[in-house]
Amino acid sequence: MAKYLIVTGGVVSSLGKGITAASIGRLLINRGLNIRMLKLDPYLNVDPGTMSPYQHGEVYVTDDGAETDLDLGHYERYTGQPTSQKSNITAGRIYWDVLHKERRGDYLGGTVQMIPHISNEIKFKIRQLEAENPDVIVIELGGTVGDIEGLIFLEALRQLGAEVGRDNSMYIHLTYVPYIRAAGEVKTKPTQQSVAKLREIGILPHVIVCRTEVDLTEEHIDKLAMFCNVPKECVIVEKDVETSIYEIPLVLAEQGVDELILNHFRIARPTRPLKDWQKLISIIKNPQGKVRIGVVGKYSELQDAYKSIYEALYHGGYAAEYEVEIVKFNAEEIETNPEILKTVAGILIPGGFGSRGMEGKIRAAQYARENKIPFLGICLGLQCAVIEFARNVCGLAGANSTEFDEERGVKTEDPVVCLLEEQRAVTQKGGTMRLGACPCVLEKGTKALAAYGEKKISERHRHRYEVNNHYREQLEKNGLIISGINPDIGVVEMIELPDHPWYVATQAHPELKSQPVLPHPLFRDFVAAAIKNSL
Ligand code: GLN
């Protein structure tokens with residue numbers, strides 16, 4: 001039977017609950033356990049697919065095409081265990097499904113209530129993961145204890161614990177222990193209160209993880225243990241790390257968190273050092289050098305809009321034992337002043353929707369091509385590279401993606417990027433999103449094949465538009481290399497340029513599969529080319 005490890009958060013948000021849960025996942029995998037991770041989001045959106053990057057950061061896509069919360073990205077980066085549609089459950093989805101069942105008459109006219117109908121639906125969706133036979137299911141509840149929205153989830157998690165029994169369920173509560181500068185004191189009261197709030201609902205946490213800026217003394221720990229009703233060794237200190245959030249698995253391992261969990265679940269597994277993570281942290285702390293990479297995007301001021309891209313770039317640096325410094329450019333600025341790209345050794349154009357900044361991104365692709373600066377285009381980045389090449393090398397001045405001309409109500413003169421339906425001359429519009437894992441076959445002698453080291457690959461997608469096959473011959477005649485093709489639907493997946501140190505673009509989102517201890521090959525080779533360019 002699967003064991004349930006339930007991670008809740010208290011006091012304030014933004015404590016890094018996702019990273020703590022993911023790090024615990026890593027520790028369990030390291031002890032030889034088969035785990036699954038799951039995020040419960042108490043907001044009413046049905047899924048995060050249409051949520052604004054301003055509020056919500058990037059949309060993370062799984063192999064099976066689910067558009068999910070970016071915490072799933074942390075899970076995969078830390079654990080290497082792929083997530084799926086089943087790994088992200090929102091309140092919106094729960095209510096939606098319950099209301100549909102009600103309309104269908106599934107409840108036979110009975111009164112439909114928060115308890116048991118909503119709580120049962122939450123438990124049902126959580127327990128679906130048991131079919132995959134994991135040893136442990138790690139559940140992270142979004143939000144903070146005390147939120148109205150989260151209440152029914154806490155109730156469901158309490159019931160779940162009662163259903164599966166004490167040996168099969170464990171609650172970990174992440175809280176904040178502030179340091180009050182004016183008083184020169186560390187305060188444990190918010191933690192006491194948030195644990196009291198949990199107890200009110202009937203959940204007694206077994207472990208308290210304290211996020212803090214300063215070291216905690218024996219005295220603080222004794223106090224926390226006493227008020228929170230846990231043994232001293234179950235008070236874990238997660239102090240701010242100096243260099244990288246990838247240190248967290250080591251911080252938790254040092255305090256024996258995996259041992260506590262295994263003991264609670266009565267599972268015996270030999271201890272094992274986290275060798276690859278120790279090596280990673282020593283690289284992060286002592287890099288051989290630093291390389292500046294420019295990211296030309298629309299949301300350059302936001303931390304999380306390109307989360308996986310930034311992480312994958314750092315990972316690429318780790319492979320070369322280098323620190324990557326990310327320089328965020330606002331695409332609209334590049335349009336009039338591409339010369340500001342002079343300061344970086346590599347240029348990346350991330351994915352995106354909508355025409356804002358598009359011309360600046362196309363200008364950046366041109367700048368990288370003409371000045372032989374290593375370039376990586378991701379999804380929209382590939383489309384920019386193709387449009388740029390069509391305009392400036394093939395001489396098709398009116399080349400564009402129909403996505404952008406349509407917004408302006410103009411008919412595209414040379415639709416080098418368009419919807420698949422448009423290529424097939426079907427009038428129906430809209431175009432469905434190509435979502436999730438798609439296969440790709442790589443051409444011999446390409447940089448793409450050199451990076452991946454195998455011909456058949458699979459990457460995740462999230463886009464509607466494709467390179468127009470009617471222009472393929474013309475693009476190739478002028479020197480563009482089509483380095484990857486989708487064998488199922490015959491569309492362009494990857495392109496690159498000859499006579500250039502490294503200019504590669506992909507229609508997919510490879511950043512979603514990069515791990516710090518297993519950097520993605522495209523990011524690894526891109527950063528390596530940028531380092532070479534900077535020397
Ligand atoms: N807007 C483009 C499309 O839909 C690119 C999407 C993306 O970069 N994810 O095809």
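Filtered by the rule that a residue be under 22 Å from PRO374 (Cα atoms) and in a loop (DSSP other than H, G, I, E, B), the range 273-298 gives PRO287, GLN288, LYS298.
Residues that are under 30 Å from ASP69 (Cα atoms) number at least 3 in the following strands (runs of 3 or more DSSP E) confined to the range 476-535: 492-496, 503-506.
Restricting to the range 255-291, name every residue that is farther than 30 Å from GLY317 by Cα and among the aliphatic types (A, V, I, L, M). Matches in the range 255-291: LEU260, ILE261, LEU262, ILE267, ALA268. When THR62, THR50 are screened for being surrounded by 22 or more Cβ atoms within 10 Å (Cβ to Cβ) and out of contact with any helix residue (DSSP H, G or I) (no Cβ under 6 Å at 6 or more places or on another chain), only THR62 passes. If you check LEU480, LEU475, LEU449 for being in contact with a Phe, Trp or Tyr (Cβ under 6 Å, 6 or more places away or on another chain), of a type in the set (A, V, I, L, M) and closer than 19 Å to TYR503 by Cα, only one passes: LEU480. Of the listed requirements (1) more than 13 Å from the ligand (Cβ to nearest atom); (2) at pLDDT 95 or above, GLY436 misses just one: (1). Taking the conditions (1) at pLDDT 95 or above; (2) touching a Gly at 6+ places or on another chain (Cβ under 7 Å); (3) surrounded by fewer than 19 Cβ atoms within 10 Å (Cβ to Cβ) in turn, GLN288 satisfies each one other than (2). Within the range 299-317, the set of residues being surrounded by 24 or more Cβ atoms within 10 Å (Cβ to Cβ) and over 14 Å from the mean Cα position of the chain (by Cα) comprises GLY316, GLY317. How many residues, within the range 447-461, are touching a residue at least 40 places away in the same chain (Cβ under 8 Å), part of a helix (DSSP H, G or I) and not aromatic (Phe, Trp, Tyr)? Number of matching residues: 4. Take LEU449 and tell me if it is of a type in the set (A, V, I, L, M), at pLDDT 95 or above and within 31 Å of the chain's Cα centre (by Cα). So LEU449 passes the test.
Taking the listed residues ARG408, ARG391, the one that is within 16 Å of the ligand (Cβ to nearest atom), over 20 Å from THR506 (Cβ atoms) and surrounded by fewer than 20 Cβ atoms within 10 Å (Cβ to Cβ) is ARG408, with no other qualifying. Can you name the number of the only condition in (1) over 14 Å from ILE24 (Cβ atoms); (2) buried (at least 18 other Cβ atoms within 10 Å of the Cβ) that GLU218 fails? Condition (2) is where GLU218 drops out.
Filter the range 86-96 for residues that are of a type outside the set (Phe, Trp, Tyr) and surrounded by fewer than 17 Cβ atoms within 10 Å (Cβ to Cβ) and give the result.
Answer for the range 86-96, where residues must be of a type outside the set (Phe, Trp, Tyr) and surrounded by fewer than 17 Cβ atoms within 10 Å (Cβ to Cβ): just GLY92.
Those helices (runs of 4 or more DSSP H) of the range 1-82 in which 1 or more residues are free of Cβ contacts under 8 Å to residues at least 40 places away in the same chain and more than 21 Å from SER194 (Cβ to Cβ) occupy 53-56, 71-79.
Within the range 316-333, residues that are more than 17 Å from ALA345 (Cβ to Cβ) reach partners that are among the basic types (Lys, Arg) and modelled with pLDDT under 95 with beta carbons closer than 6 Å, at six or more positions or on different chains, in the pairs ALA331/LYS298.
Check whether at least one residue in the range 422-429 is under 28 Å from ARG524 (Cβ atoms), more than 16 Å from the ligand (Cβ to nearest atom), among the hydroxyl-bearing types (Ser, Thr, Tyr) and not in a strand (DSSP E or B), and report yes or no.
The answer is no; no qualifying residue exists.
Total residues in the range 218-270 satisfying the condition of being out of contact with any strand residue (DSSP E or B) (no Cβ under 7 Å at 6 or more places or on another chain), under 27 Å from ASN286 (Cα atoms) and either polar (S, T, N, Q) or part of a loop (DSSP other than H, G, I, E, B) (or both): the figure is 6.
Counted as qualifying within the range 307-384 are the strands (runs of 3 or more DSSP E) with 2 or more residues that are on the phi < 0 side of the Ramachandran plot and within 16 Å of the ligand (Cβ to nearest atom), namely 346-349, 375-378.
Residues that are of a type outside the set (A, V, I, L, M, F, W, C) and under 19 Å from GLY202 (Cβ atoms) within the range 118-146 comprise SER119, ASN120, LYS123, GLY143, THR144, GLY146, listed in sequence order. For GLU459, the criteria (1) more than 16 Å from the ligand (Cβ to nearest atom); (2) under 26 Å from the mean Cα position of the chain (by Cα) hold in every case but one, which is (1). A search for C-beta distances below 9 Å between a residue of the range 410-421 that is assigned to a loop (DSSP other than H, G, I, E, B) and any residue that is of a type in the set (Phe, Trp, Tyr), counting only pairs 6+ apart in sequence or on different chains, returns VAL410/PHE404; THR412/PHE404.
Filter the range 179-216 for residues that are assigned to a loop (DSSP other than H, G, I, E, B), in contact (Cβ under 8 Å) with a residue 24 or more places away in the chain and on the phi < 0 side of the Ramachandran plot and give the result.
If the condition is that a residue be assigned to a loop (DSSP other than H, G, I, E, B), in contact (Cβ under 8 Å) with a residue 24 or more places away in the chain and on the phi < 0 side of the Ramachandran plot, then THR188, ILE203, LEU204, PRO205, HIS206, GLU213, VAL214, ASP215, LEU216 are the ones that fit.
For (1) touching a Leu at 6+ places or on another chain (Cβ under 9 Å); (2) free of Cβ contacts under 8 Å to residues at least 40 places away in the same chain, each residue gets a yes or a no:
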| position | (1), (2) |
| --- | --- |
| LEU224 | yes, no |
| THR243 | no, no |
| VAL257 | yes, no |
| LEU260 | no, no |
| ARG269 | yes, no |
| ASP276 | yes, no |
| ILE281 | yes, yes |
| LYS290 | no, yes |
| VAL296 | yes, no |
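Screening the range 462-475 for residues that are buried (at least 22 other Cβ atoms within 10 Å of the Cβ) and part of a strand (DSSP E or B) and picking the one that is farthest from the ligand (Cβ to nearest atom) gives VAL467.
The values are calculated or read from the model by the stated rules, or taken from the named source; none is laboratory data. Note that the structure is a prediction, hence the values are computed from the model and not measured. Positions of Cβ are generated from backbone atoms using ideal geometry, with glycine treated the same way; all protein chains shown enter the neighbour counts.
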